[in-house]
Every structure is written in C-alpha cells, then in structure tokens.
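Notes for the one structure printed next.
Bear in mind these aren't lab numbers, they're just calculated from the coordinates by the rules spelled out. Note that this is a predicted model, so its numbers are computed, not measured. Don't worry about glycine lacking a Cβ; one is built from the backbone with ideal geometry, like all the others, and counts go over all protein chains shown.
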C-alpha cells in the first residue's frame with residue numbers, strides 16, 4: 001500500500017530514507033553508512049506531496065522507487081490508496097480512525113508508532129485518539145503488530161537498502177546527476 005498524496009516530512013526517518021539511499025555495506029570509523037546517495041535536496045521538498053517530488057536527475061521519485069522494487073521483487077505490485085484516504089478526510093486526524101478500523105477484521109497493520117521526539121506528536125495527537133475512537137466504536141482493538149524490535153526501532157539501518165541494490169543505479173545516478181538541466 002502506498003499513499004502518494006502523503007506529504008514529505010524531514011523529521012520522519014522512513015520518509016527521509018526514501019530520498020537518501022543508504023546501502024547496508026557497513027559503516028566507517030565514525031559509524032556513518034559507507035554508501036549514502038542523496039537523491040533530492042530534502043530541505044527543498046519538506047511538505048510537498050510525494051507524487052510531485054523529483055530526483056536530482058529529474059526522474060519522479062515514486063517512479064524511481066517502483067523501478068528499484070521491480071528489480072528485487074518483480075512480483076510485488078504496489079497500489080496507491082490516496083483516493084481512499086481522500087474520501088475519509090483531508091488530514092490524518094480525519095482519516096486515521098477509518099484507516100485503523102480496517103485492521104479490526106480486514107487485515108493486520110505492521111507498524112511502529114515511535115515515541116521519539118520527532119514522531120511523538122503524531123502518535124499523541126493522531127494515532128492514540130484514533131485508536132481510542134476505534135476501540136470505543138467496535139469494542140475491540142485494531143490488529144497492530146510491532147514491526148521492529150523496541151530496542152532497535154530508532155536504528156537508522158532499518159531504512160537502508162539491501163547490499164548489492166546500488167550497483168544498477170550508482171553509474172546511472174552519477175550520469176543523470178551530472179547532466180545540465
């Protein structure tokens with residue numbers, strides 16, 4: 001499931017990982033990832049819809065990630081749920097109760113609702129009130145399973161790409177980024 005009408009937020013580590021490709025080849029002596037490829041200027045896109053973001057070489061960011069996904073998992077077909085979200089409100093405060101309600105009996109949500117300083121407000125102001133509304137309305141909790149272990153949910157390596165995935169793109173990204181605009 002993807003939500004292409006969602007807005008980019010520099011404070012969200014998962015979203016930031018989509019514009020800075022980090023490959024799991026290890027770290028240098030400072031503990032920094034060995035391969036970090038900047039795909040867009042994150043400060044320039046804060047608040048923009050994902051579907052409108054372009055890479056530094058001019059490719060649509062969503063198209064780029066679909067292409068990467070097809071290389072590793074050709075059988076996976078993402079689907080855009082933006083129209084569903086739009087029919088349930090203009091903001092997460094409006095649509096999140098309906099979204100969580102789908103996980104009463106129609107599926108299982110695998111998610112971490114982090115309490116770190118960057119996402120604490122979203123969890124407090126959006127997720128918890130929506131969760132309480134759903135529990136009150138249906139008399140049961142949505143099926144939410146912790147996606148990442150609690151002790152490492154803030155570890156940035158969870159957003160890194162698999163080793164080897166960079167090879168088809170490094171030269172292409174280098175060539176495209178060096179083209180005059």
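For the stretch 112-153, taking Cα atoms only, Rg and Dmax work out to 11.7, 33 Å respectively.
Ranked highest first by average number of other Cβ atoms within 10 Å, how do 13-21, 122-130 line up?
Working: 13-21: 17.7, 122-130: 15.4.
Answer by packing, highest mean first, reads 13-21, 122-130.
Between residue 75 and residue 1, the modelled label-to-label distance comes to 2.2 nm, taking each label 7 Å out from Cα in the direction of the beta carbon.
Based on the Cα gyration tensor of the stretch 46-105, what are the three equivalent ellipsoid semi-axes, each the root of five times an eigenvalue, rounded to whole Å and given largest first? Intermediate values should be presented prior to the final figure.
Working: eigenvalues 144, 65, 11 Å².
Semi-axes (√(5λ), whole Å): 27, 18, 8.
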